[in-house]
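Reviewing the structure listed below.
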Amino acid sequence: MQVRVISPLEKVFADENLQARQVTAFSGFQNECISFQLAVCGDESTHTMPLSLRAESTLAEHIRIRSVRSVPVRLAAPVNADDNYLRKTPGLYPDLLRDIIPDDPSGDLFGYAGQWQCFWIDVEPEGFAAGEYPVHLTVYNKLTGAELAKASAQITVLPGMLPKQSLKRTSWFHSDCLAQYYGVEVFSEEYWRIVENFVSCAAKRGYNMLLTPLFTPPLDTQVGGERLTVQLVDVTVRSGEYAFGFEKFRRWVRLAQRCGMEYFEMSHLFTQWGAKHAPKIMAEADGVCKRIFGWETEATSEAYARFLRCFLPRLMEEIKGLGIKEKTYFHISDEPRAEMMDDYRAARALVAPYVEDCVIMDALSDYAFYASGAVTHPIPAINHMDPFLENKVPDLWTYYCVSQYKDVTNLFIAMPSPRTRMLGVQLYKYDLAGFLQWGFNFYNSFWSTHSIDPYHTTDADGRFPAGDPLQVYPGRGGMPEESVRLMVLHQAMQDLRALRWLESLIGREKTLNILQECAKGELTLTAYPKEGEFFERLRGRINAEIIAKTQM
């Protein structure tokens, strides 16, 4: 059996010869996740067999081994996408990471003659002293125990700890999709257990803000349709008067904080793409549970305005009581266009007087929203940043989704990993305060007309480039299975933290100069190094500079 230790930024396809160069030395600070891959391929005499991998090292208890699984990709890229994609054709693409468990065959790779596949290895050395740690890898036939191949990698644990992530980062969390996929009742104990598993995963990989469904989020929903109710706030209407219960909301916040989340974004208070209507709101009205607001409700109707006047002050009391007021953000409507500005402004006027000095922010791309004062905290798409950067908008965020497929970074499965990892470097260069992405675990079709199985459908049933809607898969037992892309984004966040650390030691100008030198050319939001070696140069230089300053 052929084996080769390779970079975590390679994506290996079973139907092509391995081009990736061998890399056997990897390094990171004492609280970094250090990842690499072992590519394996059987020769012509190899019979199909279950493969497993054993790691021997002083770090063994801190090593996690997973198999890289291919998933179906139908829509790899839009027809007019740029050329920086691995492929644009349908097929099987490496993405899913599945744990190798000794007594469980579900994580095994099957060895096939002439087909390259990969094991993904993570080393998390926290608690270990700085130093050199060899890792010896043995591939063996899981049925017979016969050893098939050996390889080694050298892990260098660097002295010091990356600083806490300062970037505010969210990827929208869809708990209705979890309830539907696992077939559990919303707010049952099993629902809460599964939600906690997935929130913990997001927090571990650098997300620190959580979309909080005050009411069922009016996102990606067909006009006139609705998504499964996941409303955290209990509403009661008696004789025209509103009362509110916040027990579920409190439990959500405490769960999120227990998992490591720090910031909370309240779900949108008006429908997507224009703030035309109220979100779906369920209530016990005179003893009957029913929808009291929804698509039939005009956004600025007196009935909904009165509801907000009653609800928002009570919500703010809860937020302050939980001690999260300074960490709470509000949304009005997602992705309004220029012709919707008047509707957006009117909707915002209903909310702003009651949320005190909490930030109101929304994803949008038209600078006129900010220039006119309709939005004070815009989140422009990464391919529409120029006017916001030129005008030095303070506390600026950015986002990407399905439409950001040309020239800029994104996380589609068909994109090369260096393109995905570039996000951290770009966030640093442009000194951005936050980043938003819409689909941590969206397991619905476009417009949420039906639920899908993300192991078979990775493109929201043909609407979005594969991978755009999800970064984790719903594994057995209510546990998330991570993707290659999520791990690459985690590396991007580690890059950002290292750059921030270096800046604190030598200043921003010198840090930017190092960044530019390692790029060996232009580095903007649309022009940047395409090869993975850039990150080896960059982190090598950053790490050396940090050690030189901190170990004096």
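Read the figures in this text as sums done on the coordinates, not as results from a lab. Being a predicted model, the structure only gives us computed values, none of them experimental. When we count neighbours, we look across all protein chains shown, and the Cβ atoms used for this are built from the backbone with ideal geometry, even at glycine.
Assorted remarks:
- Mean Cβ neighbour count within 10 Å, used as a protection proxy, ranking 404-410, 347-353 highest first: 404-410, 347-353
- Calculated P(r) tail over 22 Å for region 329-463, as whole % of Cα pairs: 46
- Taking the centroid of alpha carbons for each part, region 12-43 and region 307-361 are 46 Å apart.
- Fewest-first ranking of Ile281, Ile101, using other Cβ atoms within 10 Å as the exposure measure: Ile101, Ile281
- Estimated 222 nm signal from helices in the chain, with DSSP H stretches of n ≥ 4 weighted -39500 (n - 2.57), rounded to 500: -8500 deg cm²/dmol
- Rg/Rg_ref, region 2-158, where Rg_ref = 2.2 N^0.38 Å and atoms are Cα: 1.09
- Additional length obtainable on full extension of the chain from Gln516 to Ala548, 0.36 nm per residue less Cα span: 9.5 nm
- Listed by chain and number, the lysines whose alpha-carbon sits under 25 Å from that of Lys142, ignoring those within fewer than 8 places in the same chain, are Lys11, Lys150.
- Number of Lys-Lys pairs in region 243-339 with C-alpha atoms under 26 Å apart and a separation of 8 or more places or on different chains: 10.
- Per-residue ³J(HN,Hα) for region 222-228, Karplus 6.51 cos²θ - 1.76 cosθ + 1.60, θ = phi - 60°, Hz, x for Gly and Pro: 4, 4, x, x, 8, 9, 3
- Each of Glu481, Glu226 has some number of other Cβ atoms within 10 Å of its Cβ, and from fewest to most they run Glu226, Glu481.
- Between region 119-165 and region 251-298, the alpha-carbon center distance in angstrom: 45
- Using the Stokes-Einstein relation with a Kirkwood hydrodynamic radius computed over Cα pairs, the translational diffusion coefficient of region 27-88 at 25 °C and a viscosity of 0.890 mPa s comes to 150 µm²/s.
- DSSP-loop chymotrypsin sites (Phe, Trp or Tyr not before Pro) across region 49-112, with at most 10 other Cβ within 10 angstrom: none
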